[in-house]
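Report on the following structure.
What follows is calculated from the coordinates using simple rules that are stated; it is not laboratory data. A quick note: this is a predicted structure, and the numbers were derived from the prediction, not measured. With ideal geometry, Cβ positions are generated from the backbone for all residues, glycine too; neighbour counts draw on all protein chains shown.
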Amino acid sequence: MKEYFILTIDELWGLADSEPERAERIKDSLGSFSCRRSPHIERFAHRQMEIAEKQGESRSYLLLEQGTDAFLGFFTLGLTSVDWEQVENSDGWKSAYGKKKRKSFSSGLMKRDGSHIGVFTIGELARDDNVSAEELPGAQILREALGYVIEAQHITAGRFVLVDSREILYRKLYGLAGFTEIAQRKSPNPDEDIPFVVSILPIKGISL
């Protein structure tokens, strides 16, 4: 596996003042990011990542190769809400947990607008096409993302993390990491005609 370090977008902006040439090199590397599997993710990295950061919609974390600063991949974290009744009534949730465990998850939830609760979300997670799964496994990127979720949970509280991903990514990554499918839907991206899976993971008990 490639050796890497994580740089936030905010830290990249700060680098523009202290090490402008290095910051420009990293931005160029980000600008050449390729993800043929998902044009949406590629567009996000090229055009929307910094906008979402400035507007406070999400926080993005860049995985850069040690020594070269080459852009390897990234993940984006944010906040969203989920209808808890949808979670409780889903076949996946009922299959994944027994009645007693499901009751413990529901206990004390602070619901808003009916039955909605606030949750963390991994909005985007991707590896550059030029980087192999052996060089940077998707499971490793996910571990890094969940590590930051746990850090945030220690500060703000929160009980669950939600992901809305392509079905194939759920099967190959999120499902294997313990996320539970609670719904299926069409892709929210207009240029993608592929199924998506909404899945959820209790933060308590996450093992990294």
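Structural remarks
- Length gained when the stretch K103-D28 is fully extended (0.36 nm per residue, less Cα-Cα span): 22.0 nm
- Cα centroid separation, region 159-178 to region 41-63 (Å): 20
- A simple spin-label model places the labels of I206 and Q86 2.1 nm from each other, with each point 7 Å out along Cα-to-Cβ.
- For the chain, with +1 on Lys and Arg beta carbons and -1 on Asp and Glu, the positive-most of G138, G158, F33 along the dipole: G158
- Pairwise FRET efficiency - Q55 versus K111, Cβ, R0 = 25 Å, nearest 0.05: 0.40
- Region 80-188: trypsin sites (Lys or Arg not before Pro) in DSSP loop, at most 14 other beta carbons within 10 Å: K111
- Dipole size of the chain about its Cα centre, with +1 on Lys/Arg Cβ and -1 on Asp/Glu Cβ: approximately 1360 debye, rounded to the nearest 20.
- Label sites at L176 and S18, each approximated as a point 7 angstrom past Cα along Cα to Cβ, lie 3.7 nm apart.
- Legend: residue pairs K100/K204; K27/K172; K99/K204; K101/K186; K172/K204, Cα-Cα distance threshold 24 Å; pairs beyond threshold, K27/K172; K101/K186.
- Dipole axis of the chain (+1 Lys, Arg; -1 Asp, Glu on Cβ), positive-most option in S187, F71, W93: W93
- Spherically averaged projected area of region 4-202 from its Cα convex hull (nm²): 12.1
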